[in-house]
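The values are calculated or read from the model by the stated rules, or taken from the named source; none is laboratory data. Because the structure is predicted, anything quoted here is derived from the model rather than measured. Backbone-built Cβ (ideal geometry, glycine too); neighbour counts: all protein chains shown. Remember, those area values only see protein heavy atoms, side chains included, never the ligands or the DNA or RNA. Shrake-Rupley method; radii C 1.70, N 1.55, O 1.52, S 1.80 Å.
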Amino acid sequence: MFQLEPRIPVRILLDVSKSMTTGAASKFDYARRLAAAFCYVGLVRLDSICVQTFSNELHESFTAGGGRQRFQPAHNFLGALEPRGATNFLEVSKEFINKYSQRGLVILISDFLDDEDSERPLQYLADFGHELALIQVWSDEDRDPPWDGELEIEDAETGQKVELAFDREARKRYRDGFDEYSQRLRRIALRNNGRYLGLPTSVPVDEAIFGPVVHGGVLQ
């Protein structure tokens, strides 16, 4: 998908919103492990690499540098993170542009679940010259709900409860809608000369790194 070039800043924009905790396998833990892998490669190939966390706003960040022997502090930083807040890509994109005026590569790891529009804020980042590498992480339940009947669903970020009816046809419509959203994310990345990768948490992280990540050209 992309190469880690030492001539431009590389920033991992990591989603730590509460929606990342949903699913049988935690998207939050999965995303942190992906970020750790990218950070390690960055330390091997770059002078420094920045991990910037976000949910409804930018949160703490960590800049790792000094070679692979300096990986432990980055690992400690990622391990200490806690999920918080609801996703707000519009606010995050504005803050990111103001904080990081020097354009670079943005590796955005998220489930991209936002009640508001996420596509326009992503375009903002590209319009300001940042190269986008979008990595969408989802649990199997996010894409294909396994439930049947009348259900009460609670939003992990807002606590709002919604009553839904699921059957085979409803699941198909939901799955088709999810896939279309993923394709829109892909189109945003590609039309701005960026990259997109979708990863379900059912794929072990090590298989993802040495499979779709490497084969897609993410780590070269």
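Scanning segment 120-142 for residues that are more than 25 Å from Ile209 (Cβ to Cβ), open to solvent by 10 Å² or more (accessible area, probe 1.4 Å) and not small (Gly, Ala, Ser) turns up Arg120, Gln123, Tyr124, Asp127, Phe128. Could you grab me the full set of residues in segment 180-207 that are among the hydrophobic types (A, V, I, L, M, F, W, C) and out of contact with any helix residue (DSSP H, G or I) (no Cβ under 9 Å at 6 or more places or on another chain)? If the condition is that a residue be among the hydrophobic types (A, V, I, L, M, F, W, C) and out of contact with any helix residue (DSSP H, G or I) (no Cβ under 9 Å at 6 or more places or on another chain), then Leu190 is the only one that fits. Quick one: in segment 156-193, of everything that is among the acidic types (Asp, Glu) and in a helix (DSSP H, G or I), which residue is modelled with the lowest pLDDT? Checking each candidate, the answer is Glu169. Yes or no: Phe28 closer than 24 Å to Asn193 by Cβ, surrounded by 16 or more Cβ atoms within 10 Å (Cβ to Cβ), within 17 Å of the chain's Cα centre (by Cα) and not hydroxyl-bearing (Ser, Thr, Tyr)? It is false that Phe28 is closer than 24 Å to Asn193 by Cβ, surrounded by 16 or more Cβ atoms within 10 Å (Cβ to Cβ), within 17 Å of the chain's Cα centre (by Cα) and not hydroxyl-bearing (Ser, Thr, Tyr). Count of segment 1-35 residues, restricted to those that are more than 15 Å from Thr63 (Cβ to Cβ) and either at pLDDT 90 or above or not in a loop (DSSP other than H, G, I, E, B) (or both), is 15. Just one of the numbered conditions (1) open to solvent by less than 60 Å² (accessible area, probe 1.4 Å); (2) of a type in the set (Ser, Thr, Tyr); (3) touching a residue at least 12 places away in the same chain (Cβ under 8 Å) is not true of Thr21: (1).
Looking only at residues in segment 107-131 that are over 12 Å from Ser93 (Cα atoms) and of a type in the set (A, V, I, L, M, F, W, C), the one that is nearest to the chain's Cα centre (by Cα) is Ile109.
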